[in-house]
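Read the structure below first, then the notes.
The values are calculated or read from the model by the stated rules, or taken from the named source; none is laboratory data. Model, not experiment: these values are computed from the prediction. Here the Cβ is made from the backbone with ideal geometry for all residues, glycine too, and neighbour counts use every protein chain on show.
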Amino acid sequence: MKTTQTMLLLFALALTTAGTSAAQETGPAARERLVVSAQWLRQHAADPEMVLLHVGNRGGYDTGHIPGARFVDFSTTLATSGGENGLTLELPAADTLRERLAALGISDRSRVIVYQSSPSWTQSSRVMLTLDYAGLTNVSLLDGGQAAWVAAGGTLTTDVPAEKKGTLSPLKTRAAVVDAEFVKSHLHTPGFTIIDARLPAFYDGTRTGGAPNAEHKTGHIPGAVNVPFDSFTTPDAQLKPSSEIAAAFSRAGIKPGDTVITYCHIGQQATATLFAARLLGYNALLYDGSFEDWSRRNLPVETAVTRK
């Protein structure tokens, strides 16, 4: 992770550079740019600059995927694990990320569509966060994933596209992630809201996350509000209407114009809440180390339910 000073500088630049992020668009404009339908994809799948990324497990990809799609293991291809911080899921270094994106066929002019192969969409939202961090601007999520493609009459294939390395300029990374120091310094800053994206039982301390012999602390970051990652889609992984997504944030006391910082267990589920926030035009950041990092640092927690 970057140092706190670097993150603060990047964050300031992000706030002052107009038009560089979906977080600075209005809600309708952000959703139109960040989400495409299966019908749209059927019309544009053969476009020469199109790059489809299939997010899921290799077995599912080998069983059948959208023609031309390239397989992405979100936790290894576009992330690192067990680095110098020993954390489960973190963004890779910019040079490494650039090489891996180019290996997927992504170039500067690519139109990238990300889709998931199962009803769970947090892996795809993590990939969306990673591509946003990488500075790619022409990226969208397929609403409903592979199931929506099939329902719209699209076919699947087991054919694997030929390897094609993209031509990608050095990344101009965005201030999409923050560290523990940034979170601590903004716990009580007006205009900032810390969002716990885990299920309510973890937020209120009924359950404790983590792995055996590596349990996290019980509770949540002081002052955080709870907007669970599963609040934004229907059972078939279709995004809910913007009005319903907005209501989930409003119930937690989050105000229009707030900058939101999301976290979860390890930095996966929180990207779903972050993506939903960006659909509404919020400036949204990810605490990449999330509660795993917070717990390892033995930072304070609380279990009382917080409302702003």
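Tabulated data for the structure shown
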| item | result |
| --- | --- |
| Residues (in contact with a Gly (Cβ under 7 Å, 6 or more places away or on another chain), farther than 17 Å from residue 265 by Cβ and among the charged types (D, E, K, R)) located in region 47-92 | 70 |
| Close pairs from region 34-46: first without any contact (Cβ under 8 Å) to a residue 40 or more places away in the chain, partner hydroxyl-bearing (Ser, Thr, Tyr) and buried (at least 16 other Cβ atoms within 10 Å of the Cβ), Cβ under 9 Å, at least 6 apart | 40/140 |
| So residue 19, is it modelled with pLDDT under 80, assigned to a loop (DSSP other than H, G, I, E, B) and within 30 Å of residue 265 (Cα to Cα) | no |
| Considering residues of region 151-196 that are over 24 Å from the mean Cα position of the chain (by Cα) and outside any loop (DSSP other than H, G, I, E, B) only, the residue nearest to residue 45 (Cα to Cα) | 157 |
| Residue in region 235-250 that is among the hydroxyl-bearing types (Ser, Thr, Tyr), in the same structural domain as residue 187 (by TED's automatic domain parsing), touching a strand residue (DSSP E or B) at 6+ places or on another chain (Cβ under 6 Å) and within 22 Å of residue 126 (Cα to Cα) present | no |
| Any hit, region 119-129, residues being assigned by TED's automatic domain parsing to the domain that holds residue 238, out of contact with any Asp or Glu (no Cβ under 6 Å at 6 or more places or on another chain), closer than 30 Å to residue 298 by Cβ and polar (S, T, N, Q) | no |
| Residue within region 201-212 that is aliphatic (A, V, I, L, M), more than 18 Å from residue 297 (Cα to Cα) and not assigned by TED's automatic domain parsing to the domain that holds residue 102 present | yes |
| Total residues in region 148-170, condition at pLDDT 95 or above, surrounded by fewer than 18 Cβ atoms within 10 Å (Cβ to Cβ) and aliphatic (A, V, I, L, M) | 5 |
| Number of the exception - residue 298 against (1) on the phi < 0 side of the Ramachandran plot; (2) at pLDDT 95 or above; (3) of a type outside the set (Gly, Ala, Ser) | (1) |
| Residue count for region 78-111, restricted to those that are within 15 Å of the chain's Cα centre (by Cα) and touching a residue at least 60 places away in the same chain (Cβ under 8 Å) | 3 |
| Filter result for residue 286 (in contact with a strand residue (DSSP E or B) (Cβ under 8 Å, 6 or more places away or on another chain), part of a strand (DSSP E or B), closer than 26 Å to residue 75 by Cβ and outside the structural domain of residue 122 (by TED's automatic domain parsing)) | yes |
| Within region 249-291, tally of residues that are surrounded by 24 or more Cβ atoms within 10 Å (Cβ to Cβ) and among the charged types (D, E, K, R) | 2 |
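Per-residue answers, yes or no, for (1) of a type in the set (A, V, I, L, M); (2) within 28 Å of residue 164 (Cβ to Cβ); (3) modelled with pLDDT of 60 or more:
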position: 24; (1), (2), (3): no, no, no
position: 34; (1), (2), (3): yes, yes, yes
position: 45; (1), (2), (3): yes, yes, yes
position: 48; (1), (2), (3): no, yes, yes
position: 52; (1), (2), (3): yes, yes, yes
position: 57; (1), (2), (3): no, yes, yes
